[in-house]
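Worksheet: the structure to be examined is printed underneath.
Values in this text are rule-based calculations from the coordinates and carry no lab data. Note that this is a predicted model, so its numbers are computed, not measured. Ideal geometry is used to build each Cβ from the backbone, glycine not excepted, and the neighbour counts take in all protein chains shown.
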Amino acid sequence: MTITILSVLFAVTLVFLALSRMAVERIETHHYLQRADFFQRYPVQQGDIVFLGDSITDGGCWEELFPGVPLKNRGINADNTRGVLERLDDILRPQPRAIFLLIGTNDLPWYTYLNDRAILHTYNQILDRCRALAPDAVVHVQSLLPRQRIYAARILRINAHLETMASRHGYPFINLFPAFADRQGALRADLTNDHLHLMAEGYALWVSILKPYIEQLHNENVNSALPSPGFNP
């Protein structure tokens, strides 16, 4: 009798989890299509700096964090490596100046699980596509951020592959993980309230890491606009 009751409760729990997940996926799909439609209506412009990724990127008010910088936020909640690859061409065709890419954490949980090989294969396709369609764009490959401690070893393993991959493609690698992780490899408690997304302090830390790269891009733009030494106005 006890076993029967437990079996029923287990089955009910599974059904509840499945229905809950379906409801979440519907919301995520609607949001994804809304954002994608907005991005098509207001496309990236030539010379823009693009922040590309999932909800962690989406949550940053980058225009306020880097005032005066021509940039576009192209983060979408719940996006993953495959999603970025599918919408990449619209971002690359206008020839952005640079891309700051952070993607992959949504490929890790059990309900969207991809193994490391699949994640890295898609990531490599993303970088190949960037080189093919926007060869002058500088793609800054950012490491996956930490989340709960149970993900730490896997994230570190993927990040090591991303660093090698970025080097092979000739792109800079930005290792965010050490600054955001606690001693157990989890996302620092002072930077988050859900073990995944960032509070304001997390974005402030992120900005401090990215600032030299943004300044370098700005200085290169300024220098390219200066007349050559032999030019006489």
Orientation-averaged projected area, Cα convex hull of the range 37-80 (nm²) = 3.2
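Would you please report the Å³ per residue occupied by the convex hull of the alpha carbon atoms in the range 47-223?
About 105 Å³ per residue, rounded to a whole number.
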Using the Kirkwood formula over every pair of different C-alpha atoms, what hydrodynamic radius in Å results for the range 137-201?
-> 12.3
Any idea what the dipole of the range 88-223 comes to, in debye rounded to 20, about its Cα centre with Lys/Arg Cβ at +1 and Asp/Glu Cβ at -1?
-> 320
State the answer as a single residue: which of THR122, ASN77, ASN106 lies farthest towards the positive end of the charge dipole of the range 47-223, with beta carbon charges of +1 for Lys and Arg and -1 for Asp and Glu, about the Cα centre.
-> THR122
